[in-house]
Amino acid sequence: MNRAIDHLVLAVRDLDAARAFYARLGFTLTPKALHPWGTGNSLAQLQGSFLEILAVAEPAKIARPEPGGFSFGWFNASFLKKREGFSMLVLQTQDAAADRRAFAAAGLEAFQPFHFERQARLPDGAQATVAFTTAFVTDKRMPEAAFFTCQQHAPQYFWKPEYQKHANGALGVTEAVMRAPDPAAFRDFFAALQGKDAVGAGKGSLEVGAGKGRLTLLDPAGVAARFPGMEFAGPEDSPVFVAYRVKVADSTAVQALLRKNAVPHLRQGQVLTVGPRDAFGTAVEFAQA
């Protein structure tokens, strides 16, 4: 049940501006794509995980959730009315429908699986159909964070080596970070989501295994210690995603790239952090493998 990180949803108000910034960070990005429900995205494909930079592209198409269903577009549009940032954590699966049944049996707030297809532009300019089935989970105590598992039905058309080569040497997402007033209070939720053996508590923290990566919940003091001098938006009385970590081959090379592209950053040992003020509401950590 310890599902690996599939991707992160990073909600922004200006997709073109975010694409330009992520290019300055050294990421290779896929062309912009549109969803039929009104959002648009661009991806940074890594090794087995990816970043989804998402914006509202066609507001008139954003629909409220139906009874028993979850509206990806509505959730992110509502999120963006408050702020930009890391809105959703997505986990890998081979069977989203089975996940939904397991989530419901564990007492989680689960929704009907959602299947969709879209056209993807391949590096040679050709078009191919990619398809996904998703199983969403929320918790009323976390109104500005959501989770879902994602089953890919045509991965051969999704993953492309041309899009997985990055100037910053990015290899994969290894950690997502949340700020929570009392991390231990959410132990049961994450045990139901990822399995009891995947969850461990510390002083002011909670660690949740996610394959070879992890989700870390920190209390405000822990966030302040890890990200000195950085301010994060979002409610302080409920958990919110504040940062993520990407594994890179050479942090010194990344620092040279950030300096060249005039990207403000903080270096702590082998970890480079770009703060939320610059990175559209989310701190981005580059950590040497």
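Since every read-out is calculated from the coordinates, none of them should be taken as a lab result. In this text the structure is predicted, and so the values were computed from the model without any measurement. Here the Cβ positions follow ideal geometry from the backbone for every residue, glycine too, while neighbour counts run over all protein chains shown.
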Within a Gaussian network of the chain (alpha carbon springs, distance under 10 Å), most fluctuating of Val242, Val90, Val130: Val130
query: Rounded to the nearest whole Å³, what is the per residue volume of the convex hull around the Cα atoms of segment 101-145?
result: 99
The chain: Cα Rg divided by the 2.2 N^0.38 Å rule of thumb: 0.95
- line: Given backbone amide H placed at 1.01 Å from N, residues whose amide H is under 5 Å from that of Phe232, ignoring those fewer than 5 places away on the same chain, are none
- prompt: How large is ³J(HN,Hα) for each residue in segment 281-289, as worked out from phi by the Karplus curve 6.51 cos²θ - 1.76 cosθ + 1.60 (θ = phi - 60°), to whole Hz, x for Gly and Pro?
  reply: x, 10, 6, 10, 9, 10, 10, 5, 5
query: What number, rounded to the nearest 500 deg cm²/dmol, is the helix-based mean residue ellipticity at 222 nm of the chain, given -39500 (n - 2.57) per DSSP H run of at least four residues and division by all its residues?
result: -5500 deg cm²/dmol
task: Could you tell me which of the pairs Lys82/Lys165; Lys32/Lys61; Lys81/Lys203; Lys82/Lys212 are separated by over 27 angstrom between their Cα atoms in the structure shown?
output: Lys82/Lys165; Lys81/Lys203; Lys82/Lys212
- prompt: In segment 66-142, what trypsin sites (Lys or Arg not before Pro) fall in a loop by DSSP, with at most 12 other Cβ atoms inside 10 Å?
  reply: Lys140
message: For segment 170-288, give me the percentage of DSSP beta bridges that are antiparallel, rounded to the nearest 5 percent.
response: 70
statement: Rg/Rh over Cα atoms for segment 72-218, Kirkwood Rh, comes to 0.99
field: the chain: antiparallel DSSP beta bridges as a percent of all, rounded to 5
entry: 75
- prompt: Which trypsin sites (Lys or Arg not before Pro) in segment 203-239 pass both tests, a DSSP loop state and at most 16 other beta-carbon atoms within 10 Å?
  reply: Lys203, Lys212
